[in-house]
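Report on the structure given below.
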Amino acid sequence: MNEAVARRYASALADVALEQIKADKVKADLSAFVEGFYESADLRNFLETPSVGPELKHKVIAKISDEMQLDPAVRNFVFLIVDHRRTELLREIQQAFGEEMNARLGIAEARITSAGVLSENEKSQITAVLERRTGKKIEAKFEEDKSLLGGAVVRVGSTVYDGSVREQLNRLRERLEAE
């Protein structure tokens, strides 16, 4: 149920962000607010306390928004979340918002795990190949895993491309065992 609620809020924010042509700014500002919200127990307690009235909560949110230079759409969205007592869903909403924006903008997330650190050139080449293969803009996240021995494993959505040396050795062993 919480996931469905988070998705509805995320979808509504995505509508506003796209209508105002501010998708990147809204995404970055929402992330910044959510990070600050979870880092500050005082802020979390203040915004979640039912005995504190909405006017005072709005004043504090407005002051924080001004200091962080948050987009007004994010400020208003936080007002809504606090007013509806949905602050416990902020992380889920943030994640659902990112997924919703990526889906609407034709962006696919890719997790690329390599045996060693990749150069910027290698990263851009891998990203370009994935964009051609998927037909979508790729938002890549790179990780290192020494157990791969060499090569890389790429996950785009539910599709996995395993070009690691470990996987190649496993396939070779399977073929040899079959003979």
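Provide the per residue accessible area, probe 1.4 Å, for the chain, rounded to a whole number of square angstrom.
61
Just subtract the alpha-carbon distance of Leu172 and Arg104 from 0.36 nm times their residue separation and send over the number in nm, one decimal.
This chain segment gains 20.4 nm when fully extended.
Label point 7 Å out from Lys25 along Cα-to-Cβ: which residues of the stretch 59-82 have amide N under 20 Å?
Flagged as within label range: 61-80.
In whole angstrom, note down how far apart the Cα centers of the stretch 1-58 and the stretch 107-179 are.
34
Given a 10 angstrom Cα cut-off, can you work out which residue in Asp162, Asp83, Asp15 is the most mobile in a GNM of the chain?
Among Asp162, Asp83, Asp15, the largest mean-square fluctuation in the Gaussian network model of the chain belongs to Asp162.
I'd like the carbon and sulfur percentage of the solvent accessible area for the stretch 1-160, probe radius 1.4 Å, heavy atoms only, ligands and nucleic acids excluded.
It is 51 percent, rounded to a whole number.
Full extension from Val60 to Arg111: what is 0.36 nm times the residue separation minus their Cα-Cα distance, to one decimal in nm?
Length gained between Val60 and Arg111: 14.6 nm.
Quick one: what are the phi-derived ³J(HN,Hα) couplings along the stretch 14-25, Karplus 6.51/-1.76/1.60 with θ = phi - 60°, whole Hz, x for glycine and proline?
After applying 6.51 cos²θ - 1.76 cosθ + 1.60, I find 4, 4, 5, 4, 6, 4, 8, 6, 9, 3, 5, 5 Hz.
Once both axes come from the Cα atoms, what is the angle between helix 165-178 and the longest principal axis of the chain, in degrees from 0 to 90, rounded to 10?
So the inclination is approximately 50 degrees.
Hey, could you get me the Stokes-Einstein D for the chain, Kirkwood radius over alpha-carbon pairs, 20 °C and 1.002 mPa s, rounded to whole µm² s⁻¹?
Reported coefficient: 113 µm²/s.
Evaluate the distance, in nm, between pseudo-label points positioned 7 Å from the Cα of Ser11 and of Thr159 along their respective Cα→Cβ axes.
Computed distance between label sites Ser11 and Thr159 equals 2.6 nm.
Any idea what the dipole of the stretch 55-179 comes to, in debye rounded to 20, about its Cα centre with Lys/Arg Cβ at +1 and Asp/Glu Cβ at -1?
Once rounded to the nearest 20, the dipole reads 180 debye.
I'd like the accessible area for Val129: 1.4 Å probe, protein heavy atoms, all chains in place, Å² to the nearest 10.
Probe radius 1.4 Å; accessible area of Val129 about 80 Å².
Restricting to Cα pairs below 8 Å that are 6+ residues apart, what does the relative contact order work out to for the chain? Please round to a whole percent.
21
The values are calculated or read from the model by the stated rules, or taken from the named source; none is laboratory data. Everything numeric here is computed off the predicted structure, so don't read it as measured data. Glycine also receives a Cβ, built like all others from the backbone with ideal geometry; neighbour counts cover every protein chain displayed. To get the accessible areas, we keep the full protein, side chains included, count just its heavy atoms, and leave off ligands, DNA and RNA. Shrake-Rupley method; radii C 1.70, N 1.55, O 1.52, S 1.80 Å.
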